[in-house]
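Taking it in order: structure first as structure tokens, then the write-up.
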Amino acid sequence: MADTRNADLTFGATDYLVYAAPINTEMPADFADPASPWLNCGWITTDGGLFKIEEESKDVEAAGSLEPIRTLMTKSVKSLQVTFLEGLNPFVRALYDNVPIASLEPTTGAVTYSLPDKPDDLRYSFVFDSVDGDKRMRLYMPNGKVVERGDEQPQTTDVMNVQMTFKFFKGAANSPAVTRSLDYADIDVSGFFAAGGEVPSP
């Protein structure tokens, strides 16, 4: 059995970028900075993004069997938490305050708007890019919205963080809620897929 260990396959993000676009905008074709209508959401904390997959299942038990006879997958929720550093970034502010971005367009350098009493269901497409040298990881979500917001605390010792948790849903034509793209750069991973190798069948 071949030893496929390779330190180059470790991943430590040196940059983390978040992009947003109108709901169901197509995934960017490559790992270059996404073009219009994608919008960069600004600086992120060094924690990057915390991606979670929460799954729930239910065992079906029956007489005559000491083990469940079937397992039903009842839930699979995908979410991602990010802390933004640009507290006055219009799009970040619009996401946190749950208002359309047009509400934040100033006419004299200042703007005033009301936060909704009843939460609006504002949805967008998102791209989350992690960078490690020439290696890249991308998460694309065609249909996402903010479902949790951290506490807002303007302070004198640090910039005001804007923390949000995004939840993702299937896109148009029942497209996947989350698509992952990987760029191995120049790392040879052929040993994982060679004919007669040890990769198990699913």
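The values are calculated or read from the model by the stated rules, or taken from the named source; none is laboratory data. Since this is a predicted model, take the numbers as computed values, not measurements. Using ideal geometry, Cβ is built from the backbone for each residue, glycine included, and neighbour counts are taken over all protein chains shown.
Conditions: (1) surrounded by 11 or more Cβ atoms within 10 Å (Cβ to Cβ); (2) in a strand (DSSP E or B); (3) at pLDDT below 95. Val82 meets all but one. Number of the miss? Exception for Val82: condition (3). Pairing residues of segment 3-16 that are farther than 8 Å from Asp132 by Cβ with residues that are among the aromatic types (Phe, Trp, Tyr) and part of a helix (DSSP H, G or I), at Cβ distances under 9 Å and at least 6 apart in sequence or on separate chains, gives Thr4/Phe192.
Tell me whether segment 44-53 contains one or more residues that are touching a strand residue (DSSP E or B) at 6+ places or on another chain (Cβ under 6 Å), farther than 25 Å from Phe126 by Cα and without any contact (Cβ under 8 Å) to a residue 60 or more places away in the chain. No, segment 44-53 contains no residue that is touching a strand residue (DSSP E or B) at 6+ places or on another chain (Cβ under 6 Å), farther than 25 Å from Phe126 by Cα and without any contact (Cβ under 8 Å) to a residue 60 or more places away in the chain.
Results for (1) buried (at least 16 other Cβ atoms within 10 Å of the Cβ); (2) of a type outside the set (D, E, K, R), shown as yes or no for each residue.
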| position | (1), (2) |
| --- | --- |
| Tyr19 | yes, yes |
| Ala29 | no, yes |
| Ala35 | no, yes |
| Lys52 | no, no |
| Gly64 | no, yes |
| Asp97 | yes, no |
| Thr112 | no, yes |
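For residues in segment 56-79 being more than 32 Å from the chain's Cα centre (by Cα) and small (Gly, Ala, Ser), which is nearest to Val178 (Cα to Cα)? The residue in question is Ala62.
For segment 166-196, give me each residue that is surrounded by 11 or more Cβ atoms within 10 Å (Cβ to Cβ), modelled with pLDDT under 90 and of a type in the set (Gly, Ala, Ser). Selection gives Gly191, Ala194.
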